[in-house]
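This report concerns only the one structure given below.
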Ligand SMILES: *Cc1c(COP(=O)(O)O)cnc(C)c1O
């Protein structure tokens, strides 16, 4: 296992990202603060390039390629935001990119990835193993594989969002971030530990896929089947070795949110802050709602991770009346 990154690596990533990643806004809502009894700062990574924080990790990783690696190219596998992040970062850095995507990936995502100039290799997600395809493409053509979360430069890049947030608003009592494979949570925890030592750090994952929670509580990486949830950015089946090494050391707890709670949170973002947030991006607020009783009067940061969702899908999800979920007011 490579050496897990440290806060210094997050700082170096921030230097590399300067002028290339957006410094995203911090949103607040008096209605949300009143509902939760806390002061909440939302780091709006839905406004990041490609519409999600993943650009940070991808650009940081690709900008560290040697000239030989850059000439040969990068390969990544993803159906979602990591694909677009690697494709755009590669284009900006002049690196040829190959992205392995499922045959049934949304056409809009395939088009976006191709639009950034990447070559897309399709695979059948029910009969083929994308990691194997990625590895064999890497071996055959001398490409460098950049995985979506378990990579030191990816983790360090993702940590820059929390670093910017704390630099901007000051120390926090708690930081709540969505959790898939843990790149964002691990990087955020490194930043929080260094910049706000008393800050409690929480991950939030879909209730249907609580492998991260079980891993943290048992002390071992738990593997599960692909969970059924609307949070497609967090349909991971296990944490990474590097991300888990950091998470088990730095993270206070992992919470879960149901799909109904995610829709309620998406609705709150639309109603109060006027922003479109994808289901995975709403995990932080949904998790915070279950934790609020512990955070009365506290200063809390939430990373809103992305806004990539087809408009029709968004309308359909929000068009479903919210029953038994927190009021959006
Ligand atoms: C990838 C992703 C996540 C999860 O990030 P990890 O680093 O895999 O934990 C959360 N939200 C969105 C929008 C994502 O694209």
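Some observations on this one:
- So residue 262, is it modelled with pLDDT of 95 or more, farther than 26 Å from residue 319 by Cα and buried (at least 19 other Cβ atoms within 10 Å of the Cβ): no
- Checking 280, 237, 272 one by one, the residue that is out of contact with any strand residue (DSSP E or B) (no Cβ under 7 Å at 6 or more places or on another chain) and within 13 Å of the ligand (Cβ to nearest atom) is 237 and no other.
- Residue check, residue 170 modelled with pLDDT of 95 or more and in contact with a helix residue (DSSP H, G or I) (Cβ under 8 Å, 6 or more places away or on another chain): no
- Sole residue being closer than 28 Å to residue 287 by Cα, modelled with pLDDT of 95 or more, within 14 Å of the ligand (Cβ to nearest atom) and not in a loop (DSSP other than H, G, I, E, B), chosen from 76, 58: 58
- Selection status of residue 131, part of a helix (DSSP H, G or I) and either within 29 Å of residue 245 (Cβ to Cβ) or within 15 Å of the ligand (Cβ to nearest atom) (or both): yes
- Condition check for residue 224: on the phi < 0 side of the Ramachandran plot and within 14 Å of the ligand (Cβ to nearest atom): no
- Residue within the stretch 138-145 that is under 24 Å from residue 226 (Cβ atoms), part of a helix (DSSP H, G or I) and in contact with a strand residue (DSSP E or B) (Cβ under 9 Å, 6 or more places away or on another chain) present: yes
- Top-ranked residue in the stretch 164-173 [being surrounded by fewer than 24 Cβ atoms within 10 Å (Cβ to Cβ) and within 18 Å of the chain's Cα centre (by Cα); ranked as nearest to the ligand (Cβ to nearest atom)]: 164
- Some residue of the stretch 85-104 being within 21 Å of residue 284 (Cβ to Cβ), touching a helix residue (DSSP H, G or I) at 6+ places or on another chain (Cβ under 8 Å) and modelled with pLDDT of 95 or more: yes
- Residue match in the stretch 59-74 (condition: over 19 Å from the mean Cα position of the chain (by Cα), surrounded by 24 or more Cβ atoms within 10 Å (Cβ to Cβ) and either without any contact (Cβ under 8 Å) to a residue 60 or more places away in the chain or farther than 30 Å from residue 302 by Cβ (or both)): yes
- Residue 171 within 30 Å of residue 257 (Cβ to Cβ) and in a loop (DSSP other than H, G, I, E, B): yes
- Subset of the stretch 178-209 [under 21 Å from residue 168 (Cα atoms) and within 11 Å of the ligand (Cβ to nearest atom)]: 178, 184, 185, 186, 187, 188
- For the stretch 79-114, a residue qualifies if it is in a helix (DSSP H, G or I) and surrounded by fewer than 23 Cβ atoms within 10 Å (Cβ to Cβ), and the qualifying residues are 91, 92, 93, 107, 108, 109, 110, 111, 112, 114.
- Residue pairs whose Cβ atoms lie under 7 Å apart, sitting 6 or more positions apart in sequence or on different chains, and linking a residue in the stretch 6-30 that is surrounded by fewer than 18 Cβ atoms within 10 Å (Cβ to Cβ) to a partner that is in a loop (DSSP other than H, G, I, E, B), are 22/48.
The values are calculated or read from the model by the stated rules, or taken from the named source; none is laboratory data. For clarity, every value in this text was computed on a predicted model and none was experimentally measured. Here the Cβ is made from the backbone with ideal geometry for all residues, glycine too, and neighbour counts use every protein chain on show.
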